[in-house]
Amino acid sequence: MPASPVRHGSSAASTAPETVPAARAQRPWRWRVLAIAALAAALLGGGVVVSCSRRSGPPEPGTSQLSGMLLDPQLSEISGLAASRRHPDVLWMHDDGGNPERLFAVSNQGDRLATLRIEGVTKTDWEDIAAFELDGRSYLLIADTGDNGGLRRSLQLHVIEEPDKIENARLKPAWSIAFRWPDGARDCEAVAVDVARKRVLLISKKRQPPELFSLPLMPAGNALQTATKLGELSGIPQADAELRKSNPTRARLQGQVTAADISPDGNTLAVMTYRYVLLYPRRPGQSWAQAVAASPRVSDLPWLPQAEALGWAADGRSLYATGEFIPAPLYRIAP
């Protein structure tokens, strides 16, 4: 059964009984793994420039930097990623359906720092997460919107206030939003928060072209909301005839949208498919419907099988990206 909507309130956090290991020191063997992954990315990434370095700054524009590796078995099914607005160099991640209701705090080198259980919700299929700041507080929006079978009548978004400390804990949503699609079920793995307009953007996965929808970020009352269709995304690269013939599965998948995020300055929507990153800039006075109707900037992803998670860095200068498998590279991509 879907979780019942919870109205606005304060997040509750209490320390879980587990203890948290200190952040792991960077091990020499990890950098050997990174170097091997960087080589694989260079060989298999279709010409994408990937660097492997210990420097903490963003990569050069137009390049990708191997920031770290996800090696922890608990991070084997990551489907959402967002950079913390409260804790420097911390990424929030979650896994998808079939796993407990939990968030992971992960370093930007790929080490799991803490596991936080989310109480009072039922996890069906978590597929994306977005970080945003509102009224001086830092929040995370978790999208329980996956629907591979196209069967769900209602879906949920859960807003969690970021905790004060990075440690194992139990949290409750500050509020939740239950909603439905206006014209029947569809799969959705990509959400973003436009905090200036207090709207949530959602992008369908399997339909071509992908559809853009909107919901209020803070709806009045607990009523089931209905998403509003804003338009369709233009410029999603399509497979050529040769690929459709030689590998129809890959051809079908490469344009499906698996993640999205709005830049911290609110001006650029980044969209991930299984093969590409697309950037839709929004000019002053332009709506998101107008922005996504224009041609995006398109770049190939570095080598990343089953690319599922994408989020802007907190400074807005680059994007973090990873996939749903272990070991998985954690990239930092500079537009």
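For segment 96-117, list residues with backbone N below 15 Å from a point placed 7 Å from the Cα of Ser76 toward its Cβ?
96-100
In terms of modelled amide H atoms, which long-range or inter-chain residues lie less than 5 Å from the amide H of Gly68?
Result for Gly68 returns Leu330.
Test of the criteria: in segment 262-320, which trypsin sites (Lys or Arg not before Pro) are in a DSSP loop and have at most 16 other Cβ atoms within 10 angstrom of their Cβ?
Arg317
Compute the length gained on full extension between Arg180 and Leu243: take 0.36 nm times their separation in residues and subtract their Cα-Cα distance, giving the result in nm to one decimal.
Values: separation 63, 0.36 × 63 = 22.68 nm, distance 3.54 nm.
Between Arg180 and Leu243, full extension yields 19.1 nm more.
Since every read-out is calculated from the coordinates, none of them should be taken as a lab result. None of the values given here were measured: they were computed from a predicted structure. Cβ coordinates were reconstructed from backbone atoms using ideal geometry, including for glycine residues, and neighbour counts include every protein chain displayed.
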